[in-house]
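Heads up: the structure comes next, in C-alpha cells.
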Amino acid sequence: MTTERSLKANEIISYTRQLLTSGGYRSFSFADISEKVNIRKASVHHHFPSKAELVRVVVTAYREEARMGMQALSRQINNPVAELQAYADYWSTCIRDGSSPFCICVMLAVELPTLPPEVAAEVSGHFTDLSDWLASLLIRGESEHLFQFSGSPSSEARLLMATVHGAMLAARAFNDADVFQQIVQPVIDNITIALAA
C-alpha cells in the first residue's frame, strides 16, 4: 500500500531517514528538518502532525523496502548460501560507500524502551521480518545440505542478525568499513558446508 505524498513530504521523509541513521530518534527536532528542507516548522507539522507519526512513516517504508529486498534476493538468486552472502555484501557495500551505513531499526532499537508505541511496533516488526527471512534461508539451506548449524534455525537466524548488526556497530566504532566483513564472513563460512569440487 503506497501513499501518494508531495515532493516536500518525500523530502522530509528522506532527510528524517538520514537523521535516524546517524543519530536515532532523539537526535533531531522538527526545527532541524524545517531548516534543512527550507520550510517553516508549522509546514512540517502540516505534512506530519507529530514526530512520532513522521518516524513511524519512515520506519514503515524502511520495513517495506527491506521486505521487498529480501523477497527479491530469494526470487532472483534462489540459493540460500548466495542469498545470505548477498545480504551481507549489501550491508558491506552500504557501509563502505556511505550510502546507508547503518540500519535505522538497529539505531532505534537502542531507544526502544522510550520510543512512542507506534514507532516501537514498527521497529520490532522489522526484527521479526528479518529473523523470519533468515530462518527460512537456514531451513532451505539445511534441507539442501548447504548449511550446518547446531541450534534451531530460529536461534541461528537471530545469531546471524545480531552478528550483522554488531558488525555495523564495530565498523562505525573503528571507523573502518573492513571490520564489518571481518566479523560477518567467518560466521557465514562457519555454517556453510564446503562442497567438493
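The values are calculated or read from the model by the stated rules, or taken from the named source; none is laboratory data. Every value quoted in this text rests on a predicted model; they were computed, and no experiment measured them. So basically every Cβ, Gly included, is an ideal-geometry build from the backbone, and we count neighbours across all protein chains shown.
Quick notes
- The single condition among (1) closer than 23 Å to MET168 by Cα; (2) in contact with a helix residue (DSSP H, G or I) (Cβ under 9 Å, 6 or more places away or on another chain) that ASP97 does not meet is (2).
- Filter pass, PHE127 being modelled with pLDDT of 95 or more and touching a Cys at 6+ places or on another chain (Cβ under 8 Å): yes
- For region 165-197, filtered to residues that are free of Cβ contacts under 8 Å to residues at least 12 places away in the same chain and of a type in the set (Gly, Ala, Ser), the residue that is farthest from GLU142 (Cα to Cα) is ALA173.
- Within region 144-159, the only residue that satisfies the criterion of being loosely packed, with under 14 Cβ neighbours inside 10 Å and touching a Pro at 6+ places or on another chain (Cβ under 9 Å) is GLU144.
- Filtering SER99, SER152, SER143, SER131 for residues that are in contact (Cβ under 8 Å) with a residue 24 or more places away in the chain and among the small types (Gly, Ala, Ser) leaves a single hit, SER131.
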